[in-house]
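This report concerns only the one structure given below.
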Amino acid sequence: MKKIAVIGSLNMDYVITVPSMPQVGETVLSTGFSLVPGGKGANQAYAAGRLGGQVVMLGAVGQDSAGDALCQSLASAGVDVSRIKHCEGLPTGSAFIPVDAEGNNSILVAQGANGAVDISYIKENRDVLESCDIVLLQLEIPLETVVFVAKTAKELGKTVILDPAPARRDIPEELYRCVDYLKPNETELAILTDGRPAEYLRSSGVKNIVVTLGEKGGFLLTEDGQNEPFPAVEAVQVVDTTAAGDSFTGAMAVALARGDSLRQAVRFASTVAAIVVARKGAQTSIPSLDEITT
Ligand code: RIB
C-alpha cells in the first residue's frame, strides 16, 4: 500500500437542518443543529484512513477544543496527526452548513487557522512529502501553499491529486502542470473552465480528469486520450450531500494507493460516496472499508 499525505483544511462544521434554504433577507427557523468534524482536507484524510489507507495529514488548527476534537476524529480513523500545527491566537476553522429537506447544502467557511498553512510550515515538514507516494490537495488553504506543495511533490516524483474545491478561476498553469488527477464536480468544472471545454484543463497540463456529476455518475478524460462516462452508484436515499465529494476523492486516493486502475478506483469511490449521501454530516457519514461491498 502506497502512503498518502493530505495537505489541507480542518473545520468544525456547524450543521443546521432547515426546511428550505434561506433567501436573501429571509430568516428561517432550523429543525436541528449539530457540531460535526469536517473540512475538505480533513474529510479526505479521514475517508482515506477509514478505508484502509496509510495517511498523514498536514494542516493547522487553533489551540481550542474544536482543534482537539478534529485531531481526535482523524486519529480515530488511523490518520497520523502528529504534524498538524496548533496555532496560538487563531481559532480553528469553522464551516456553517444549512442542509435542506432534500439533503442539499450551502457552505460558508471562516478560515481561521487554515490560513496559517504557509510555505514555511511545509518546508519544516518536507520529510512528510519525501516519505509519501501520493499527495492529496484541495483549495481551502492558501493557493500559494498548494502550488508550492504540488511543485515540491512533482520534483520528488510523487503522484499529485487535486480536488479543486472551493473552485476558483485564478489557478495558475504551474499548478495544473503538476496534477496527475484533478477531481472537480460539475459546478467546479464550470468555474475552472470558464466556458471552455473540459479538454482545456488537459491542455493546461493536467494528466487525468475525473468529473463527478452527482446521481448522473461522471466522466473521465485520461492521459491516453480517452473520454468516457462512468455510472453512478445509486444511493438508498439522499439525506445530506456534505463530504460526498471529499469522500470520493479520499476513496479514489486509497484505491490508487493499493494499485487499482483509475476505472476501478472511480467505481470504489462512487460506492463510498453513495453511502455518504445517505447519512448525516461530514466525517460522521464516511464508512469503513468493511462496509463497502464492490
Ligand atoms: O466538503 C465539505 C466540507 O466543506 C465541510 O466539512 C466543510 O467544513 C467545508 O470545508
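Each reported figure results from applying straightforward, stated rules to the coordinates on display, with no laboratory input. What you see is a predicted model, and the numbers here were worked out from it, not measured in a lab. Here Cβ is always computed from backbone atoms with ideal geometry, including for glycine, and neighbour counts include all displayed protein chains.
Can you give the direction-averaged projected area of the convex hull of the alpha-carbon atoms in the stretch 11-128, in nm²? Don't jump to the answer; show the numbers that get you there.
Details: hull surface 34.4 nm².
Its average projected convex-hull area is 8.6 nm².
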| task | Would you mind calculating the relative contact order of the chain from Cα pairs under 8 angstrom and at least 6 residues apart, reporting the percent as a whole number? | result | 20 percent
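Which loop-located GluC sites (Glu not before Pro) does the stretch 138-171 contain, where loop means any DSSP state but H, G, I, E or B and the Cβ has at most 11 other Cβ atoms within 10 Å?
Numbers: sites: Glu140, Glu144, Glu155; in loops: Glu140.
Taking the stretch 138-171 and a limit of 11 other Cβ atoms within 10 Å, no loop GluC sites (Glu not before Pro) are found.
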| field | Residue-by-residue Karplus 3J(HN,Hα) for the stretch 235-248, coefficients 6.51, -1.76, 1.60, Hz, glycine and proline x | value | 7, 4, 7, 7, 10, 6, 7, 4, 6, 4, x, 5, 5, 4
| note | Here FRET efficiency (C-beta to C-beta, Ser120 to Gln72, R₀ 25 Å, nearest 0.05) is 0.40
| note | Extension length gain for Asn104 and Ser203 (0.36 nm per residue less Cα distance), in nm, is 32.3 nm
| task | Calculate the translational D of the stretch 141-242 in whole µm² s⁻¹ from Stokes-Einstein, where the hydrodynamic radius comes from the Kirkwood formula applied to all Cα pairs, the temperature is 10 °C and the viscosity 1.306 mPa s. | result | 110 µm²/s
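Taking the Cα centre of the chain as origin, sum charge times position over the Cβ atoms of Lys and Arg (+1) and Asp and Glu (-1), and report the length of that vector in debye to the nearest 20. All intermediate terms of the calculation are to be shown ahead of the outcome.
Numbers: 24 positive and 35 negative charges, 102 e Å.
Around 480 debye, computed over the chain.
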| task | Quick one: check the C-alpha center-to-center distance for the stretch 48-65 versus the stretch 17-33, whole angstrom. | result | 31 Å
| said: What does DSSP give for the chain in terms of the percent of beta bridges that are antiparallel, rounded to the nearest 5? | reply: 40 percent
| As computed over the stretch 29-71, the Cα convex hull volume per residue (Å³) | 103 Å³
| Which parts of the stretch 273-294 would a label at Asp260 reach, counting a residue when its backbone N lies under 11 Å from a point 7 Å out along Cα-to-Cβ? | 273, 292-294
| field | Distance histogram in 10 Å bins (all Cα pairs of the chain, percent per bin) | value | 7, 30, 38, 21, 4, 0
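Taking Cα pairs under 8 Å and at least six residues apart, what relative contact order does the stretch 1-101 come out at, in percent?
Numbers: 224 pairs, mean separation 39.3, N = 101.
Once divided by the residue count of the stretch 1-101, the mean separation gives 39 percent.
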| note | Unit-weight point scatterers at every alpha-carbon of the stretch 117-196, Debye formula, q = 0.15, 0.21 1/Å: log10 I(q)/I(0) is -0.50, -0.93
| remark: Out of Ile191, Ile141, Ile84, a Gaussian network model of the chain with alpha-carbon springs under 10 Å gives the largest mean-square fluctuation to Ile191
